[in-house]
1. I'd like the Karplus ³J(HN,Hα) series for the stretch 560-566: coefficients 6.51, -1.76, 1.60, θ = phi - 60°, whole numbers in Hz, and an x wherever there's a Gly or Pro.
2. Near the amide H of residue 169, under 5 Å away, which other amide H atoms are found, from residues 5 or more places off or on another chain, if H is placed in the peptide plane?
3. Could you compute how fast the stretch 214-354 diffuses translationally, taking Rh as the Kirkwood radius over C-alpha pairs and applying Stokes-Einstein at 4 °C with viscosity 1.567 mPa s? Give it in µm² per second.
4. Of the peptides 306-313, 167-174, 189-196, how do they stack up when ordered by the mean number of other Cβ atoms within 10 Å, highest first?
5. Ignoring any ligand, DNA or RNA, what whole percent of the accessible area of the chain comes from carbon and sulfur when the probe is 1.4 angstrom?
6. Taking K and R as +1 and D and E as -1, what net charge do the other residues with C-beta under 10 Å from the C-beta of residue 265 add up to?
7. Going from the alpha-carbon gyration tensor of the stretch 373-468, what semi-axes, largest first and in whole Å, does one get by taking the root of 5 times each eigenvalue?
8. How large is the accessible surface of residue 254 in square angstrom, using a 1.4 angstrom probe and rounding to the nearest 10?
Amino acid sequence: MQIKTSIKRMVKNILLKITAHRKLNEVILKVLKKLYKYINKAILILSITNYEKNKNKCLITVEREDKNNLINKLLKYDIISFDIFDTLILRSIANPKDLFELMGLQHNVQLFKRVRIESERDARKSSTNIDHDVNIDDIYNLIEKRSGIAKQEGINLEIALEKKCCFANPYMYDIFKILKENGKKIIVTSDMYLDKSTIIEILNNCGYDPDYIFISNNEGRMKEKGGLQKLIDEKFKNLSKIHIGDNYKSDIEESKKVGWDTYYYKNVHDIYSEYRIKGMSTLGGSFYNGILEDYLYNGNWNKNKFFTFGFKYLGILICAYCEWLNETADKNNATKILFPSRDMYIVQQVYNKFFRKYDNEYVQISRMASIYMDFNKSTEMLLNYLKDYLKVEQKYKVKEVLYKIGLICITEFLSEVKIDEDEKFDIEQFNKLKILIYSKKDIVEKYYNEHKKAALHYFSNCVDGHDNVLFADTNGRCTSLLGITHLLNDNGINTKVIGSFLYSVSDRGYVEAKFSNDSLNVFLFSCIYNINFFAKFRKYAIQRTEILEALFSAPKGTLKTYSFDNNGNVKFEYTVENMDKQYLNDILAGVLLFAELYKKYNDPQLYHLLPIDAWLPIDTVLENDEIIKMFKDLKINMELGA
């Protein structure tokens, strides 16, 4: 920023000197003025570009002072003073005033947040003692008149919600406990409208037991004006003191004025605020950023980049999707949820641990297995996937393609359409294979007969006793959904299998029609729902789908076939596992931590996460080079059978 300012100042000075020289050719002056304009524009563009780069620093971290170093510094003092909120105690929302939005929902009163903020401001203005902070009674005397909400009812709700969203700062909690173990005298201070007894209860709930507590509205003095520090200084004369806090004026400047040493603990929400994702809902964004910043930037975070990624980007998406699955099951009278392998591996674990409402099962399925158990009706889908091999960079031989998609049973008939199995697979070979596959459908169906029987046995047991089941999946292409539906319905099992997808990139035709008549459900976006998200995703569909499905996937190979073992039980054959288990385990651990905190601090009766809240965090990083590089070995090959 200093360099940009220096450049602008230098050019401006040159122009002033030139302008003062009257004999200078006016044309040159115009050119130079234009140059100045373009330099300004270039600097602006540079600023925006740098901001965008920084904004997309997906795994930005912060280094706090080592706890042991800080503890050693603090042990030298007779008295250690801590600020309370945003230092010892963190909240699960990014902005404390967003608590008033929750209260407005609970009271079912519009604009309550504004009423609450203005009432506190006006109570302070009307206070006769400029050094005295107002208390919660002062505030709610005004609120009762302005909103019709009974004073005590309002106070009780605010205190209850405040207690629910407060928790101990892990970094400061460790420091506090070690200081106490060493016999240090600890005091806590706060400029706060809540009464002392409530503050004590919040502190105790968070595991803190300070020796002395000084609250502005109880003591009649404020830290912000230095009065509280003077009061404490008078009480503890001739003792060395240090104060730790996040507000630079109240905690640092005013404490220094009375001769205390200070330690500035930068507010966790100030560290990341300029990088926050724009466009999230007020409550969803506040909760997301609150939890994110509280844990990533308090000074205790020591997780690797994969754990951090799961916590920061996937956790909110999966939590929101799990909530939506329950709502969708309610609306469709579903009594069971099927989570297909491999894409729903992480989702099912989160669902069962934190959101379980319905019976559910992790079912073994894949596009390839689905097509062959439903080959009679899915032949066109097979040809569609076969054609995809024309688009890949690597050029396969015909026999390699047939092996990959499980059609080795027609190899002996290639001569009938004049194909050499060692020829390169191209459009000419595709057209010939298309004719051959149509003509040999009976042979392919016979080849996969045991596969189909085993699949029928397996899925009939999965849906037994259920009239309606949800089929959850990442990308709604309907291949597996239709395969299961046809398999069951064609064999007299009339269970309705209801597609409930995370998102869908399918554009025109069948899937579009199914969404339009409400036969399919989608959470994030589709060609007819949240189409701005849909359009953006479609621009990078293959790359983004590969990464998303890899991130959601199980550390296991893809299902190839169903069959029976010697005891008549269904067994599964998989492709070779090619994924790093540790990556996925770390990602899952990060997701589970976010889900645990979401369930702990969110009240589902008040609000659920919206699709926009769930999608925007992951959307910001799907094009990020850092992310693509991180997961280059994790990406799933989207070719059928790969």
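The values are calculated or read from the model by the stated rules, or taken from the named source; none is laboratory data. None of these values were measured; they are calculated from a predicted model. Every residue, glycine as well, gets a Cβ built from its backbone with ideal geometry; the counts of neighbours run over all protein chains shown. Surface accessibility is based on the protein's heavy atoms, side chains included, excluding ligands, DNA and RNA. Shrake-Rupley method; radii C 1.70, N 1.55, O 1.52, S 1.80 Å.
1. 3J(HN,Hα) across the stretch 560-566, in whole Hz: 9, 9, 9, 7, 10, 8, 5.
2. 89, 90
3. On the way: Rh = 19.4 Å.
The calculation lands on 67 µm²/s.
4. Values: 306-313: 23.8, 167-174: 19.9, 189-196: 21.5.
So the order, starting with the most tightly packed, is 306-313, 189-196, 167-174.
5. So the carbon and sulfur contribution to the accessible surface is 48 percent.
6. Working: positive: 64, 266; negative: 65, 83, 86, 246, 251.
Computed value for this residue: -3.
7. Working: eigenvalues 180, 44, 24 Å².
Equivalent-ellipsoid dimensions as semi-axes: 30, 15, 11 Å.
8. Taking all protein chains as shown, residue 254 has close to 10 Å².
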